[in-house]
């Protein structure tokens, strides 16, 4: 099976017009597909209205009990169901899920070392049988950033990580491509200039770009993550703007495509 | 297929201990089953924290845009996913849904006559193919009181109505029983005495009990609803306490069973 996994984040979700535009493009994206979404600033906004203030340690959000309730409401309730309803209107047979639904994603609560992240889940297992059954039955999984431990506890889990781990799990049996919709046009030489996209990165190019300090700081974990997926069998990883997703699907240059080998160049 | 549809309301959902006890009993309930739930006072509580006050006209809640967001968050997010995670722990392969997911329940926004109820949906169609596929695939649908119009709009829909309409739709092809878990032990002769249960009501008994004013006010729409389901092919309807659900499943007297004909007496 050819499967595309597409991840959208707050830069799309937080703006109704952008979300509508994205969902229209997504509805025209060909083949078997899975949509993964996070929550953006909406969760923080609702949390603050409820008196649940974001608690950060070393720049990372701590998920206490109240925060977990808020993200469950916003991700699995409001955002997931609005996306599903809009996709249904676009004649896409979307079905929204957390990792608890059908035991789609089992994780474990992150062990406490120096920092207690609270109710945060590290993924242990993806139920690829369920995804195969859904895709074969023409159902489109829309998955939000909540998982469970199969012991009754919901857990907050990074949506980028869900997308990567789901892609690598499915890649053991299928031909999988991974698309990250991002707030920039791709990996950029000059991060202030959307026209300075690096169209293709492989391992050799990556190590050179790191050496020359073109790729640095926040981009490194993203690309490491992408190469890790490629090393585990994912076909290619694309990073770009949501509005360029269809160009990417057609193989047109539109963002940054990350492939493993030099000889994979177009 | 034999299918049991079980509806729980706020009297179970609002109390974590009661909910846990119910879910344990529900996990032991034999055969194919579907769980339908509303939201109880939790939605009102969160709404008030967010400054969304319940607006009532003639004793009925009006669902404006903000209220719809709140019920979507609480029903489809918090409550539905907590139930699913707990059932997964109980080795039940639960999958939580709104009516938008897989186009399970299509409704239309209630037309404005004297009162504008806002974003409230009247059910038009149940996707029984999807339910059949899920039950055959050993997935347990957990359905909350949100539907959609297939034009991108989510709608708030009464959970009792969802249970009845789903039961009658499935009854066209299957052997369906309907269970309403309630805050009283069943239909009572003396509503203050839980020991005064009327164990069995059929159409003849019902008209007599109404004549004698034993059944009155709020109980009448509930029973009319039950008889309407029976007239459309549902096998039997049970009304009782959540903790007596397993007794009911075993055919033991435990609440009120509503059947169509006199000769259906045990």
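The values are calculated or read from the model by the stated rules, or taken from the named source; none is laboratory data. These figures come from a predicted structure and were not determined experimentally. Note that we place each Cβ from the backbone using ideal geometry, even for glycine, and neighbour counts take in every protein chain shown.
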Notebook entry, point to check: Among the residues of the range B:52-81, which ones are at the interface with another protein chain (Cβ under 7 Å from one of its Cβ atoms) and without any contact (Cβ under 8 Å) to a residue 60 or more places away in the chain?
Noted result: B:69, B:73, B:74, B:77, B:78, B:81
Check: Does residue A:90 satisfy the condition of being closer than 25 Å to residue B:102 by Cα, touching a residue at least 60 places away in the same chain (Cβ under 8 Å), assigned by TED's automatic domain parsing to the domain that holds residue A:132 and more than 20 Å from the chain's Cα centre (by Cα)?
Finding: yes
Next item on the list: Scan the range B:150-173 for residues that are surrounded by fewer than 24 Cβ atoms within 10 Å (Cβ to Cβ), within 14 Å of chain A (Cβ to nearest Cβ) and at negative phi and jot them down.
Entry: B:151, B:153
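Yes/no per residue for (1) over 29 Å from residue B:174 (Cβ atoms); (2) touching a strand residue (DSSP E or B) at 6+ places or on another chain (Cβ under 7 Å); (3) surrounded by fewer than 18 Cβ atoms within 10 Å (Cβ to Cβ):
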| position | (1), (2), (3) |
| --- | --- |
| B:187 | no, yes, no |
| B:201 | no, yes, no |
| B:204 | no, no, yes |
| B:208 | yes, no, yes |
| B:212 | yes, no, yes |
| B:218 | yes, no, yes |
| B:234 | no, yes, no |
| B:239 | no, yes, no |
| B:255 | no, yes, no |
Next item on the list: Please work out if residue B:248 is closer than 30 Å to residue B:16 by Cα, at pLDDT 90 or above and in contact with a strand residue (DSSP E or B) (Cβ under 6 Å, 6 or more places away or on another chain).
Entry: no
Check: Can you name the strands (runs of 3 or more DSSP E) wholly within the range A:149-250 that have at least 1 residues being free of Cβ contacts under 8 Å to residues at least 24 places away in the same chain and not assigned by TED's automatic domain parsing to the domain that holds residue A:105?
Finding: none
Check: So which residues in the range A:83-94 are in a helix (DSSP H, G or I), facing another protein chain (nearest Cβ under 7 Å) and surrounded by fewer than 24 Cβ atoms within 10 Å (Cβ to Cβ), if there are any at all?
Finding: A:89
Item checked: Residue in the range B:106-120 that is facing chain A (nearest Cβ under 10 Å), within 28 Å of residue B:170 (Cβ to Cβ) and touching a residue at least 24 places away in the same chain (Cβ under 8 Å) present -> yes
Next item on the list: Being without any contact (Cβ under 8 Å) to a residue 24 or more places away in the chain, more than 10 Å from chain B (Cβ to nearest Cβ) and assigned to a helix (DSSP H, G or I) narrows it down to one of A:44, A:27, so name that one.
Entry: A:44
Margin query: Looking at the range A:30-41 only, could you name the residues that are surrounded by 13 or more Cβ atoms within 10 Å (Cβ to Cβ) and assigned to a loop (DSSP other than H, G, I, E, B)?
Written below: A:38, A:39, A:40
Next item on the list: Being over 21 Å from residue A:148 (Cβ atoms) and without any contact (Cβ under 8 Å) to a residue 60 or more places away in the chain narrows it down to one of B:132, B:125, so name that one.
Entry: B:125
Checklist line | Sole residue being more than 20 Å from residue A:233 (Cβ to Cβ), modelled with pLDDT of 95 or more, within 13 Å of chain B (Cβ to nearest Cβ) and under 15 Å from the mean Cα position of the chain (by Cα), chosen from A:147, A:133 | finding: A:147
Note to self: I'd like the full set of residues that are in contact with a strand residue (DSSP E or B) (Cβ under 7 Å, 6 or more places away or on another chain) and in a loop (DSSP other than H, G, I, E, B), limited to the range A:47-59.
What the structure shows: A:54
Next item on the list: Go through B:123, B:62 for me and flag whichever is part of a strand (DSSP E or B), touching a strand residue (DSSP E or B) at 6+ places or on another chain (Cβ under 7 Å) and modelled with pLDDT under 95.
Entry: B:62
Item checked: Identity of the residue in the range B:12-24, out of contact with any strand residue (DSSP E or B) (no Cβ under 7 Å at 6 or more places or on another chain) and touching a residue at least 40 places away in the same chain (Cβ under 8 Å), that ends up surrounded by the most Cβ atoms within 10 Å (Cβ to Cβ) -> B:23
Checklist line | residue A:176 being crowded, with 18+ Cβ neighbours inside 10 Å, under 30 Å from residue A:135 (Cα atoms) and in contact with a helix residue (DSSP H, G or I) (Cβ under 8 Å, 6 or more places away or on another chain) | finding: yes
Next item on the list: Would you mind telling me which numbered condition in (1) touching a strand residue (DSSP E or B) at 6+ places or on another chain (Cβ under 8 Å); (2) under 30 Å from residue A:130 (Cα atoms) residue B:138 fails?
Entry: (1)
Checklist line | Qualifying residue in the range B:95-103 (condition: at the interface with chain A (Cβ under 7 Å from one of its Cβ atoms), closer than 22 Å to residue A:19 by Cα, in contact with a helix residue (DSSP H, G or I) (Cβ under 8 Å, 6 or more places away or on another chain) and not in a helix (DSSP H, G or I)) | finding: yes
